[in-house]
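The structure under discussion appears below in the form of structure tokens.
The values are calculated or read from the model by the stated rules, or taken from the named source; none is laboratory data. The model shown is predicted, which means the values in this text are computed figures rather than measured ones. When we count neighbours, we look across all protein chains shown, and the Cβ atoms used for this are built from the backbone with ideal geometry, even at glycine. Accessible surface areas use protein heavy atoms only, side chains included; no ligands, DNA or RNA. Shrake-Rupley method; radii C 1.70, N 1.55, O 1.52, S 1.80 Å.
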Amino acid sequence: MSMPSTPLVTVAIPAYKDKYLYDTIQCVVNQTYKNIEIIIVDDASPNDIESVVNKFNDERISYHRNAQNLGKENPAHNWNKCLSYANGEFFCLLCDDDIYSPTFVESMLNLADKFSDCSVFRARACFIDRNGNETDRYPAPPEWESMEDYMWHTFKGYRTQTISEFFYRTNRLRECGGYALLPLAWYADYLSIFSFASDGGIASTYMKLVSFRQSGDNISSQDDKNIITKIEATNDYVDAVTQLIRKIDTTDSERDYLVNLLYYRTGIHTKWSIRHAGVAELWKIWRRRKNLRIRPSLVLYALFHPLK
């Protein structure tokens, strides 16, 4: 692959866990494209993140430690802290246990060169377990799709994403005010991508260049915790995405169809979360059902058909 230019690329790692951090940093150091800055933001971790960083003798690496844990209630706060340090024309965010293939940055820059009106670029991803073994993969994406099409595929269940496989023009993220802030960052990755891609869609590669580690230690792997907070975040997400849909230049019927799909998809997740709740949590949900927009029948069904 040939590059038309060598823009600076910021690869940011919001760090809290140290178990796989060395491998995560190493995969960035080993990128075939070399004009990168590697920004590691230690979110006041109780683990010794700095000692892992100090194992690397690479002048491209800069280490920052937050005075307090920004991501305790909302990991997206630390994502935006990472963005605040970025000097690159392009930006990507790699979670502290995920892995890039060596050509990730190079491939994303080639997409950026090909789709000059686009600000969001995506690699195909696979899932890996604690030992790095592939357990599943995303389907191959189209080379380009509009935000509207990406939403449709997401709401139909044909798109799954994490935050690590995306690559952006930095100025677009800043125009949008950074990553969306939702409690626990629940659905924040989806809302962020919809917002960032609203002006130029998403360009993707069919190549598997990102490995998302399902270690069981991340928030998305803990469906039985923070259920009420997740329901509140889901409601905020639905409200925000509905506003984005209403701005799409299409017919009212097509916009209504997308909104209905959104409600259907998030409703499935909410039902699943409620059925994970214990009796005490169900009682809290019952008492707050109007504010949480929960039908009484869902709580009653969960009481007699729990998933635990």
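The count of lysine pairs in the stretch 26-122 that are at least 8 places apart or cross chains, and whose C-alpha atoms lie under 26 Å apart, stands at 5.
Treating each Cα of the stretch 93-207 as an identical point scatterer and summing with the Debye formula, the log10 of I(q)/I(0) at q = 0.09, 0.13 Å⁻¹ comes to -0.23, -0.49. Of the listed residues Ser198, Ser273, Ser101, the order by accessible area with a 1.4 Å probe, largest first, is Ser198, Ser101, Ser273. Using alpha carbon centroids, what distance separates the stretch 67-83 and the stretch 90-130, in Å? With the stretch 67-83 and the stretch 90-130 each reduced to a Cα centre, they are spaced 22 Å. Estimated from helices alone, the mean residue ellipticity of the chain at 222 nm is -12000 deg cm²/dmol (sum of -39500 (n - 2.57) over DSSP H runs with n ≥ 4, per residue). For the stretch 234-296, the per residue solvent-accessible surface stands at 63 Å², with DNA, RNA and ligands left out and a 1.4 Å probe. DSSP assigns beta bridges within the stretch 35-165; of those with both partners inside it, close to 40 percent run antiparallel.
Under the simplified labelling scheme, the Arg293-Asp199 pair shows an inter-label distance of 2.8 nm, with each label point 7 Å from Cα along Cα→Cβ. Accessible surface of the stretch 149-307, 1.4 Å probe: 51 percent of it comes from carbon and sulfur atoms. Classification of the chain by its C-alpha gyration tensor yields an oblate form. The axis ratio a/c (a ≥ b ≥ c) is 1.5 or more, and b/c is at least a/b. Under a model in which nothing but the beta-carbon of Lys, Arg (+1) and Asp, Glu (-1) is charged, the chain shows a dipole of about 1280 debye around its Cα centre.
Look at the dipole of the chain built from charges on Cβ: of His276, Asn57, Ile193, the Cα furthest out on the positive end belongs to His276. Per residue, the stretch 1-93 exposes an accessible area of 47 Å² to a 1.4 Å probe, with every protein chain left in place. Each DSSP beta bridge with both residues in the chain is either parallel or antiparallel, and the antiparallel ones are about 35%.
As I understand it, the value is the acute angle between the Cα axis of helix 252-275 and the longest principal axis of the Cα atoms of the chain; what does it come to in degrees, rounded to 10? It is inclined by approximately 80 degrees.
Shown is the FRET efficiency for Ile268 and Thr242, computed with R0 = 22 Å from the Cβ-Cβ distance and rounded to the nearest 0.05: 0.80. What figure in square angstrom, to the nearest 10, would you give for the accessible area of Asp23 with a 1.4 Å probe? Counting only protein heavy atoms, the figure is 80 Å². For Val29 and Glu73, the FRET efficiency from 1/(1 + (r/R0)^6), where r spans their Cβ atoms and R0 equals 35 Å, is about 0.65. Around the Cα centre of the stretch 160-308, unit charges on the Cβ atoms of Lys, Arg, Asp and Glu (plus for the first two, minus for the last two) sum to a dipole of about 560 debye. So which residue, out of Arg293, Arg137, Arg265, gets the largest mean-square fluctuation from a GNM of the chain using Cα contacts under 10 Å as springs? Judging by the Gaussian network model, the answer is Arg293.
Among Met108, Met147, Met207, the largest mean-square fluctuation in a Gaussian network model of the chain (Cα springs under 10 Å) belongs to Met207.
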